[in-house]
1. Can you confirm whether residue 73 is modelled with pLDDT of 90 or more, exposed (fewer than 15 other Cβ atoms within 10 Å of the Cβ) and not charged (D, E, K, R)?
2. Where in the range 106-207 are the strands (runs of 3 or more DSSP E), entirely inside, with at least 3 residues that are of a type in the set (Val, Ile, Thr) and on the phi < 0 side of the Ramachandran plot?
3. Checking the conditions here, which among 127, 137, 154 is of a type outside the set (Asp, Glu), touching a Lys or Arg at 6+ places or on another chain (Cβ under 7 Å) and farther than 22 Å from residue 59 by Cβ?
4. Any chance the range 77-85 includes a residue that's touching a residue at least 60 places away in the same chain (Cβ under 8 Å) and surrounded by 13 or more Cβ atoms within 10 Å (Cβ to Cβ)?
5. Please verify whether residue 31 is at pLDDT below 80 and more than 30 Å from residue 164 (Cβ to Cβ), treating the condition exactly as stated.
6. Being modelled with pLDDT of 90 or more and part of a helix (DSSP H, G or I) is the filter; apply it to the range 41-67 and report the residue that is surrounded by the most Cβ atoms within 10 Å (Cβ to Cβ).
7. Restricted to the range 94-124, and to residues that are surrounded by 20 or more Cβ atoms within 10 Å (Cβ to Cβ) and among the hydrophobic types (A, V, I, L, M, F, W, C), which residue is farthest from residue 194 (Cα to Cα)?
8. With respect to residue 91, is the statement that it is in contact (Cβ under 8 Å) with a residue 40 or more places away in the chain, of a type in the set (A, V, I, L, M, F, W, C) and surrounded by 13 or more Cβ atoms within 10 Å (Cβ to Cβ) true?
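The values are calculated or read from the model by the stated rules, or taken from the named source; none is laboratory data. What you see is a predicted model, and the numbers here were worked out from it, not measured in a lab. No Cβ is skipped: glycine too gets one built from the backbone with ideal geometry, and neighbour counts run over all protein chains shown.
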Amino acid sequence: MKQHALFVMCLAAACGGPTRTTTTGNTGGGSGAGAGGGMSATELWTPVMKPGAIFSFNDRVPDSPTAEEFTTVEATVASVADVPGGKAVTLAWTFDGEPAGGTMLPVMIVVTDAEVRFQADPDHGDALTWPSSTAVADVDRGDYTSYVHDGMLAGEKCYGLGPAADAGDCEDVCYAEVCVHPKHGLTGGSGTWWPNFSVFQRRDLMK
């Protein structure tokens, strides 16, 4: 079953609250403002707003050390455009070098003074939105919650989506998130947007 279809089914069934994951090792390197939630979203996302930038992640674990045993996901910044109050970035995603399909990873991220917006298809469908503040937050949207939480890197923030707080137990993976750092850009993510619902990390940032 495609990842996004499973996620929609989980939300419709009022699955349990999201599991808050972190995606990177604690290597530091962030700014104090980011670590405290005081930096603006436009500052946080600045490293992603660079045409041609490439961010590479994989789901390698210690007992699977070879390239044949893990999946590599890459996000390439295809274009950046000015929008009122901020910028919009278009991303091209690949899984093991092939164009990604059947995923809800955002192909457009819009960051303004008012909000952060993800769109899996910039031409169709509703966008997912978060507050412009980078402080830890939960926003109840009825049948689901959008949230921001701290990652393990100083200054890293993870933007996620999961079932509402009063939802029942979830028997499967019922959250998805993408993480970003004010110095390193995209740092990974986990949940239903990603291949095999795995945790994907920037290995260059791991200890």
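1. Numbers: modelled with pLDDT of 90 or more: yes; exposed (fewer than 15 other Cβ atoms within 10 Å of the Cβ): no; not charged (D, E, K, R): yes.
When the stated conditions are applied, residue 73 does not pass them.
2. On the way: elements: 108-112, 115-119, 128-131, 137-140, 144-150, 157-163, 176-181, 185-191, 199-201.
Hits in the range 106-207: 108-112.
3. Numbers: 137 fails: touching a Lys or Arg at 6+ places or on another chain (Cβ under 7 Å); 154 fails: touching a Lys or Arg at 6+ places or on another chain (Cβ under 7 Å).
Answer to the check: 127.
4. Here is the first cut: in the range 77-85, the ones touching a residue at least 60 places away in the same chain (Cβ under 8 Å) are none.
No: zero hits.
5. Values: at pLDDT below 80: yes; more than 30 Å from residue 164 (Cβ to Cβ): yes.
Criteria met by residue 31.
6. Filtering the range 41-67 for residues that are modelled with pLDDT of 90 or more and part of a helix (DSSP H, G or I), the one surrounded by the most Cβ atoms within 10 Å (Cβ to Cβ) comes out as 44.
7. 111
8. Numbers: in contact (Cβ under 8 Å) with a residue 40 or more places away in the chain: no; of a type in the set (A, V, I, L, M, F, W, C): yes; surrounded by 13 or more Cβ atoms within 10 Å (Cβ to Cβ): yes.
When the stated conditions are applied, residue 91 does not pass them.
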